[in-house]
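Everything below concerns the one structure shown next.
The values are calculated or read from the model by the stated rules, or taken from the named source; none is laboratory data. All of these numbers come straight from a predicted model, not from anything done at the bench. Here the Cβ is made from the backbone with ideal geometry for all residues, glycine too, and neighbour counts use every protein chain on show. In case anyone asks, the SASA skips ligands and DNA or RNA and just uses the protein heavy atoms, side chains included. Shrake-Rupley method; radii C 1.70, N 1.55, O 1.52, S 1.80 Å.
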Amino acid sequence: MLFNSNAFYVFLPVVFALYWVMPQKYRWGVLFVSSYYFYMSWNVKYVALILLTTVISYGAALLIESTDRGKLRKTYLTGALVICLGVLFFFKYFNFLTGSVVELLERMAIPVQPFTLNLMLPVGISFYTFQTLSYVIDVYRGEAKATRHFGKYATFISFFPQLVAGPIERTRNLLPQIEREHTFDCDKAISGAKLIAWGFFKKIAIADTISVYVDLVYNQLSIYQGFPLVVATILFAFQIYCDFSGYSDIAVGVARLLDIDLMENFSSPYWSSSIREFWSRWHISLSTWFRDYVYIPLGGNRVGPWRQRWNLMVTFLTSGLWHGANWTYVLWGGIHGVGQCLENLWSQGKRKKRTWYGVLFTFAFVCFAWIFFRANSISDAWYVVTHLFTGISHPRAYVVDGILAFRGSGMTNGLGLGALLQAAVCILVLLAYDFLALRQNVWARLGRLSRPVCYVLYFLLLFVVLYSRQLGEYEFVYFQF
């Protein structure tokens with residue numbers, strides 16, 4: 001069930017009504033049933049997987065807390081990690097691993113019969129697996145208490161707003177909210193509704209519109225070179241940002257309707273003036289997860305400079321692999337790891353301040369890395385890199401011919417320049433919003449405007465979303481991870 005589907009537009013009001021009319025002690029049950037129904041709408045069979053990881057992590061946490069014997073506690077922790085990660089590996093990485101081994105052996109002139117399984121990746125498996133792992137690890141470290149109530153724990157793992165694409169919630173934030181009593185807060189619900197509308201604006205008015213152009217270029221690269229590749233790459237940067245942060249905004253907004261606060265997942269990332277700052281603002285729930293459960297356990301920055309750089313590379317390569325079973329993702333993670341290592345080396349002993357050239361350089365670096373994230377293969381990514389600036393020695397022709405080629409292909413595929421211009425205006429609105437959000441709460445600032453002005457802005461936002469929705473229902477990009 002997509003957030004931007006007609007089914008969800010019926011599902012959410014029903015859940016909202018049932019949740020608030022139900023007595024306090026049964027509200028977790030409404031969330032549990034609705035969350036499992038939400039997940040079953042994708043594929044009923046894969047409910048067994050989320051239930052398995054939930055049962056294993058729940059039982060392991062209780063066993064860890066029941067004993068003071070260090071070796072036994074570590075055994076329980078290891079068992080939970082092996083089973084949960086084993087399920088993730090089997091469905092997400094088995095074919096990738098066997099395919100990579102076969103390709104390597106063939107390059108060594110060793111003939112091997114390829115062996116793959118016809119597996120469909122369960123939606124959200126990477127997200128809820130990491131949430132179960134963080135719970136067990138937190139209990140093992142003594143940072144959280146193991147919950148005895150299985151139903152409330154299962155609701156914590158399967159909470160439908162953030163189940164399939166995050167934010168990846170921590171035990172100390174979400175689980176206590178599932179367990180405590182709630183009272184309806186009208187102001188909080190209104191703020192949630194505004195955030196939902198903003199999320200739909202990002203997803204439908206920007207991401208879905210420009211995805212058509214990005215796919216047009218990246219799925220038939222051989223007929224493009226020069227400026228269209230630059231435009232498609234920049235558009236993809238905004239597509240993936242608006243698609244994923246739009247989902248996160250909707251998830252946070254829906255949770256607020258239920259008096260539950262999820263963590264912020266994006267914070268004006270494209271206004272970052274360094275790669276390190278970018279990762280403090282992009283997919284915050286995942287970057288902090290890798291920081292706390294991979295980077296710091298490896299030694300973090302408490303070790304020598306070369307070991308610290310090694311820790312950074314391992315963390316970013318692992319993060320790249322988390323995103324998908326393809327070497328393009330691993331390379332994307334490696335590029336960011338190298339970028340951070342070089343940045344740390346360059347900025348040692350220097351004062352850090354936001355500069356316009358820092359913002360531009362960081363955005364250019366991030367866009368370059370996005371090439372490897374979006375490309376269907378490493379060879380495709382290399383084609384883009386080597387053909388980005390073909391013909392740039394004649395700047396005017398480079399831009400004009402590129403626009404004509406891009407527009408000509410678009411028109412033959414039923415695309416219009418008007419939709420692209422509309423998306424460009426929406427992107428400018430987004431950038432302005434993010435810039436203001438660096439220093440203030442934009443929605444609170446809007447709330448201080450006169451009521452007629454507020455209504456005009458809200459209705460304009462709603463109109464743009466509804467007008468753009470004629471493109472159809474597009475799945476969220478991060479569902480594939």
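Overview of results
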| item | result |
| --- | --- |
| Residues located in region 1-45, provided they are among the aromatic types (Phe, Trp, Tyr), farther than 22 Å from Phe150 by Cβ, open to solvent by 60 Å² or more (accessible area, probe 1.4 Å) and free of Cβ contacts under 8 Å to residues at least 60 places away in the same chain | Tyr9 |
| Subset of region 368-382 [assigned to a helix (DSSP H, G or I) and under 21 Å from the mean Cα position of the chain (by Cα)] | Phe368, Ala369, Trp370, Ile371, Phe372, Phe373, Arg374 |
| Residue check for Leu88: within 27 Å of Leu321 (Cα to Cα) and under 27 Å from the mean Cα position of the chain (by Cα) | yes |
| Members of region 438-452 found to be surrounded by 11 or more Cβ atoms within 10 Å (Cβ to Cβ) and not in a loop (DSSP other than H, G, I, E, B), listed by number | Val442, Trp443, Arg445, Leu446, Gly447 |
| Pair list, Cβ < 8 Å and 6+ apart or interchain, from region 243-261 residues that are in contact (Cβ under 8 Å) with a residue 24 or more places away in the chain and among the aromatic types (Phe, Trp, Tyr) to residues that are part of a helix (DSSP H, G or I) and buried (at least 23 other Cβ atoms within 10 Å of the Cβ) | Tyr247/Gly199; Tyr247/Lys203 |
| Residue within region 126-148 that is hydrophobic (A, V, I, L, M, F, W, C) and at pLDDT below 85 present | no |
| Residues of region 327-364 classified as open to solvent by less than 40 Å² (accessible area, probe 1.4 Å) and at positive phi, total | 0 |
| Filtered residues of region 419-440 (kept if of a type in the set (A, V, I, L, M, F, W, C) and in contact (Cβ under 8 Å) with a residue 12 or more places away in the chain) | Ala419, Leu420, Ala423, Cys426, Ile427, Leu430, Leu431, Phe435, Ala437, Leu438 |
| Residue count, region 17-32 (criterion: touching a helix residue (DSSP H, G or I) at 6+ places or on another chain (Cβ under 9 Å), of a type outside the set (D, E, K, R), over 27 Å from Val477 (Cβ atoms) and part of a helix (DSSP H, G or I)) | 7 |
| Residue among Leu105, Leu81, Leu52, Leu119 that alone is open to solvent by 60 Å² or more (accessible area, probe 1.4 Å) and either of a type in the set (A, V, I, L, M) or in contact with a helix residue (DSSP H, G or I) (Cβ under 8 Å, 6 or more places away or on another chain) (or both) | Leu52 |
| Extreme residue, surrounded by the most Cβ atoms within 10 Å (Cβ to Cβ), among residues of region 198-222 that are farther than 23 Å from Gly418 by Cβ and not aromatic (Phe, Trp, Tyr) | Gly199 |
| Region 262-312: number of residues that are in a loop (DSSP other than H, G, I, E, B) and either at pLDDT 95 or above or not basic (Lys, Arg) (or both) | 20 |
| Within region 380-401, considering residues that are under 23 Å from Phe238 (Cα atoms) and of a type outside the set (A, V, I, L, M, F, W, C), the one least open to solvent (accessible area, probe 1.4 Å) | Tyr398 |
| Selection within region 41-79 - under 23 Å from the mean Cα position of the chain (by Cα) and among the polar types (S, T, N, Q) | Ser41, Asn43, Thr53, Thr54 |
| Unmet criterion (only one of (1) under 19 Å from the mean Cα position of the chain (by Cα); (2) assigned to a helix (DSSP H, G or I)) for Pro167 | (2) |
| In region 163-194, residue farthest from Arg27 (Cα to Cα) [restricted to those that are crowded, with 23+ Cβ neighbours inside 10 Å and at pLDDT below 90] | Ala165 |
| Out of Ala205, Ala255, Ala197, Ala251, sole residue that is more than 30 Å from Trp346 (Cβ to Cβ), modelled with pLDDT under 90 and in contact with a Gly (Cβ under 9 Å, 6 or more places away or on another chain) | Ala197 |
| Tally of residues being open to solvent by 10 Å² or more (accessible area, probe 1.4 Å), touching a His at 6+ places or on another chain (Cβ under 9 Å) and more than 20 Å from Ile204 (Cα to Cα) across region 242-269 | 1 |
| Residue count, region 170-195 (criterion: touching a residue at least 60 places away in the same chain (Cβ under 8 Å), in a helix (DSSP H, G or I) and closer than 18 Å to Gly447 by Cβ) | 7 |
| Verdict on Gly324 being open to solvent by less than 20 Å² (accessible area, probe 1.4 Å) and modelled with pLDDT of 90 or more | no |
